Amino acid sequence: MPAGQQPILELQGITKSFGGVEALRGVDFALYPGEIHGLVGENGAGKSTLMKIIAGVHTEFSGRFLIDGRETHFRSARDAHAAGIAMVHQELSVAPDLTVAENVFLGNQPTNALGLVQWRRMAREAGEQLARFGIDVDPMSRLGDLPIGLQQLIEIARVLFSGARIVILDEPTSALSPPEVERLFATLRRLREAGTSIVFISHFIEDILLVSDTVTVFRNGRKVAETTSAATSKGALIEAMIGRGGEALEHSYTDDLMLPQPSDSPVILKVDQLSLSRSLKDISFEARAGEVLGIYGFMGCGQQELSRVLFGKLKPDGGTLAVEGTPRTFASTAAARRAGVALVPESRRDMLFHQEPVYKNISIGILDRISALLLKPTEERDIAKRQVEQLQIRPPVVGLDLGMLSGGNQQKVALAKWLTYPPKLLVLCEPTRGMDVGAKNDVINIVRDLRARGLAIIVLSTEPETVLSLADRILVLKRGAVVREFSNEPVSKDRLLEAA
């Protein structure tokens with residue numbers, strides 16, 4: 001806490017509940033001018049809820065909210081924006097059907113005296129703004145056509161250069177490669193020197209320690225610790241987040257490992273010389289029953305395009321696919337699903353309905369099995385309850401709207417949706433993205449259990465820890481091509497990074 005300095009933002013005794021579930025309990029928080037304040041905690045610990053109160057997303061709560069020492073109450077996100085507060089949410093809030101330039105100036109397009117949008121000026125200024133952040137992209141290209149990591153960078157750039165006094169970043173590095181992370185941190189330091197106050201939420205504790213001045217730890221809706229980055233360590237923060245046993249849990253998914261001998265179980269998927277425009281170049285591999293094939297690479301390496309080809313979302317330019325020896329050409333996602341292929345995409349928004357209850361999100365894939373004509377809510381709920389219990393989804397309330405759940409528990413719902421309709425091949429994109437240590441461990445155990453049941457699983461991730469924790473074999477993608485395979489040998493994070 002800077003001596004004698006008044007906080008630019010102060011929260012006192014903040015309490016917030018959702019449907020009877022208490023998300024925050026008596027939380028105090030202070031942010032000072034020119035400070036980068038890191039927030040850590042498990043999924044559901046209350047970090048994002050507190051930040052959404054600051055950003056005017058959640059307006060109903062108890063406690064005091066002060067800006068520059070004056071008590072304030074926002075009625076909307078617009079009020080927060082007017083007060084100089086901007087936020088990048090964990091789930092992207094971009095408009096994928098608009099251009100890059102339109103997203104950069106979303107809600108603030110430059111206009112002439114007649115109120116008409118100045119399109120050329122907007123494209124030029126958007127390009128200049130993104131260039132300051134090291135992003136080289138056509139400002140008039142459709143944002144949704146870009147990789148999700150690049151979309152995230154563009155949203156971050158929009159907020160960082162918005163002129164806000166307080167910037168909140170929720171999991172900003174989750175889809176970024178190491179060079180992009182370094183670029184982001186350099187920008188944050190420049191903004192801090194200029195007096196901007198930044199709240200940085202991340203499950204990458206190394207990132208928090210590297211860039212933050214102060215770190216606050218949340219657990220079960222409470223603030224349990226606050227310290228300077230210089231006075232703490234990764235182990236101490238994990239201990240504060242989840243209590244005793246944190247180090248053992250951390251090591252369970254970060255240790256180097258010895259990959260097993262190649263499996264001789266039946267081949268479920270065979271990919272041969274697959275190519276797609278500039279994204280994929282002559283990709284070949286096999287995925288076998290009871291095996292997890294990891295595919296690792298930096299943002300933009302071709303992972304997401306590969307997953308979409310496997311699930312019928314994109315049509316390849318060349319190459320072949322075969323499921324259990326039968327050649328397949330997926331004209332749609334429905335055709336892929338009928339062939340026994342399931343995809344959990346990198347963005348939960350692509351497959352879940354946040355305004356609908358948990359049980360509807362779980363049962364939607366098997367409604368035709370339950371009834372051809374009339375819905376049967378009781379049977380839907382019973383099926384969902386079994387999945388909620390099996391996957392330990394919290395809170396265990398199938399009637400609760402999905403949006404009330406933490407990111408980690410939403411990911412479990414995404415898995416549960418497919419487990420009601422067991423596939424032959426399960427493709428998981430960034431299955432632990434944006435999760436805390438405990439939630440990652442839960443998902444890892446779920447995937448290992450599915451492997452033991454005989455499913456063929458492909459895990460695509462830009463997080464080396466995720467691939468190391470799950471894979472029996474690992475392919476490294478670089479610029480759309482397989483550049484390395486690890487099998488029956490020691491593998492480490494350093495070796496993966498070097499290969500990519």
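Considering only region 179-223, state which residues are closer than 19 Å to Ile53 by Cα and in contact with a Phe, Trp or Tyr (Cβ under 8 Å, 6 or more places away or on another chain).
Within region 179-223, Ser197, Thr216, Lys223 qualify.
One residue is enough: does region 21-37 have a residue meeting the conditions at pLDDT below 90 and of a type outside the set (Val, Ile, Thr)? Steps first, answer last, please.
First, pick out the residues of region 21-37 that are at pLDDT below 90: 21-23.
This time we only want the ones that are of a type outside the set (Val, Ile, Thr), so: 22-23.
Looking for residues that are at pLDDT below 90 and of a type outside the set (Val, Ile, Thr), one finds at least one in region 21-37, hence yes.
Quick test of your reading of the structure: Arg25 fulfils all but one of (1) over 23 Å from Phe185 (Cα atoms); (2) touching a Ser or Thr at 6+ places or on another chain (Cβ under 7 Å); (3) in a loop (DSSP other than H, G, I, E, B). Name the failing condition by number.
Condition not satisfied by Arg25: (3).
Based on this model, can you work out whether Arg451 counts as under 30 Å from Ala384 (Cβ atoms), part of a loop (DSSP other than H, G, I, E, B), assigned by TED's automatic domain parsing to the domain that holds Val267 and not hydrophobic (A, V, I, L, M, F, W, C)? Write out each step before concluding.
Values: under 30 Å from Ala384 (Cβ atoms): yes; part of a loop (DSSP other than H, G, I, E, B): no; assigned by TED's automatic domain parsing to the domain that holds Val267: yes; not hydrophobic (A, V, I, L, M, F, W, C): yes.
Spelling it out, it is not the case that Arg451 is under 30 Å from Ala384 (Cβ atoms), part of a loop (DSSP other than H, G, I, E, B), assigned by TED's automatic domain parsing to the domain that holds Val267 and not hydrophobic (A, V, I, L, M, F, W, C).
Residues checked against (1) over 30 Å from Val215 (Cα atoms); (2) outside any helix (DSSP H, G or I):
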position: Leu114; (1), (2): yes, yes
position: Met122; (1), (2): yes, no
position: Gly144; (1), (2): yes, no
position: Gly163; (1), (2): no, yes
position: Val167; (1), (2): no, yes
position: Thr173; (1), (2): no, yes
position: Pro179; (1), (2): no, no
position: Thr187; (1), (2): no, no
position: Arg190; (1), (2): no, no
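Kindly evaluate Pro464 against the criterion of being at negative phi and touching a residue at least 40 places away in the same chain (Cβ under 8 Å). Even if it seems obvious, please write down each step before you answer.
On the way: at negative phi: yes; touching a residue at least 40 places away in the same chain (Cβ under 8 Å): yes.
Taking the combined requirement at face value, the residue satisfies it.
Any idea which of Glu182, Glu193 is farther than 23 Å from Ala82 by Cβ, free of Cβ contacts under 8 Å to residues at least 40 places away in the same chain and either touching a Lys or Arg at 6+ places or on another chain (Cβ under 9 Å) or acidic (Asp, Glu) (or both)? Explain how you work it out, then say what you get.
On the way: Glu193 fails: free of Cβ contacts under 8 Å to residues at least 40 places away in the same chain.
Testing whether each residue is farther than 23 Å from Ala82 by Cβ, free of Cβ contacts under 8 Å to residues at least 40 places away in the same chain and either touching a Lys or Arg at 6+ places or on another chain (Cβ under 9 Å) or acidic (Asp, Glu) (or both) leaves just Glu182.
May I ask you to verify whether Ser48 is of a type in the set (S, T, N, Q), in a strand (DSSP E or B) and modelled with pLDDT under 95? Can you show your working first?
Details: of a type in the set (S, T, N, Q): yes; in a strand (DSSP E or B): no; modelled with pLDDT under 95: yes.
So Ser48 fails the test.
Which of the residues spanning region 16-34 are buried (at least 17 other Cβ atoms within 10 Å of the Cβ) and over 16 Å from Ser406 (Cβ atoms)?
Val27, Phe29, Ala30, Leu31, Tyr32, Pro33
Would region 203-226 turn up any residue that is of a type in the set (Ser, Thr, Tyr), in a helix (DSSP H, G or I) and either modelled with pLDDT of 95 or more or in contact with a helix residue (DSSP H, G or I) (Cβ under 6 Å, 6 or more places away or on another chain) (or both)? So that I can check it myself, show each step before the final result.
Step one: of region 203-226, the residues of a type in the set (Ser, Thr, Tyr) are 212, 214, 216.
Then drop every residue that is not in a helix (DSSP H, G or I), which leaves none.
Checked region 203-226: no residue is of a type in the set (Ser, Thr, Tyr), in a helix (DSSP H, G or I) and either modelled with pLDDT of 95 or more or in contact with a helix residue (DSSP H, G or I) (Cβ under 6 Å, 6 or more places away or on another chain) (or both).
Step by step: first the residues of region 51-68, then only those that are small (Gly, Ala, Ser) and outside any loop (DSSP other than H, G, I, E, B), then the one that is surrounded by the fewest Cβ atoms within 10 Å (Cβ to Cβ). Which residue is that? Reasoning before the result, please.
Taking region 51-68 first, the residues small (Gly, Ala, Ser) are 55-56, 62-63.
Now restrict to residues that are outside any loop (DSSP other than H, G, I, E, B): 62-63.
Values: Ser62: 11, Gly63: 15.
That would be Ser62.
Can you confirm whether Ala287 is small (Gly, Ala, Ser), at pLDDT 90 or above, in a helix (DSSP H, G or I) and surrounded by 22 or more Cβ atoms within 10 Å (Cβ to Cβ)?
Spelling it out, it is not the case that Ala287 is small (Gly, Ala, Ser), at pLDDT 90 or above, in a helix (DSSP H, G or I) and surrounded by 22 or more Cβ atoms within 10 Å (Cβ to Cβ).
Taking region 293-349 only, how many residues are out of contact with any Phe, Trp or Tyr (no Cβ under 6 Å at 6 or more places or on another chain) and in a loop (DSSP other than H, G, I, E, B)?
23
Can you find a residue in region 68-80 that is touching a Gly at 6+ places or on another chain (Cβ under 9 Å) and closer than 16 Å to Val27 by Cβ?
Of the residues in region 68-80, the ones touching a Gly at 6+ places or on another chain (Cβ under 9 Å) are 74-80.
With the extra rule that they be closer than 16 Å to Val27 by Cβ, the set shrinks to none.
No, region 68-80 contains no residue that is touching a Gly at 6+ places or on another chain (Cβ under 9 Å) and closer than 16 Å to Val27 by Cβ.
What are the residues in region 78-112 that are part of a helix (DSSP H, G or I) and either acidic (Asp, Glu) or under 25 Å from Thr173 (Cβ atoms) (or both), if any? Steps first, please.
Filtering region 78-112 for residues part of a helix (DSSP H, G or I) gives 78-82, 100-104.
Within region 78-112, Asp79, Ala80, His81, Val100, Ala101, Glu102, Asn103, Val104 meet the criteria.
Which of the residues spanning region 96-127 are of a type in the set (A, V, I, L, M) and either at pLDDT 85 or above or farther than 30 Å from Lys47 by Cα (or both)? Don't jump to the end; show me each part of the working.
Start the filter on region 96-127 by keeping residues that are of a type in the set (A, V, I, L, M), which leaves 98, 100-101, 104, 106, 113-114, 116-117, 122-123, 126.
Answer for region 96-127, where residues must be of a type in the set (A, V, I, L, M) and either at pLDDT 85 or above or farther than 30 Å from Lys47 by Cα (or both): Leu98, Val100, Ala101, Val104, Ala113, Leu114, Leu116, Val117, Met122, Ala123, Ala126.
Could you figure out which of (1) under 24 Å from the mean Cα position of the chain (by Cα); (2) buried (at least 17 other Cβ atoms within 10 Å of the Cβ) isn't true of Ala225?
(1)
Let's see how each residue does on (1) in a loop (DSSP other than H, G, I, E, B); (2) buried (at least 23 other Cβ atoms within 10 Å of the Cβ); (3) not assigned by TED's automatic domain parsing to the domain that holds Ser363:
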{"residue": "Gly399", "(1), (2), (3)": "yes, no, no"}
{"residue": "Thr432", "(1), (2), (3)": "yes, yes, yes"}
{"residue": "Asn441", "(1), (2), (3)": "no, no, yes"}
{"residue": "Val459", "(1), (2), (3)": "no, yes, yes"}
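The values are calculated or read from the model by the stated rules, or taken from the named source; none is laboratory data. Given the structure is predicted, the values throughout are model-derived calculations rather than measurements. Cβ: placed from backbone, ideal geometry, glycine included. Neighbour counts: every protein chain shown.
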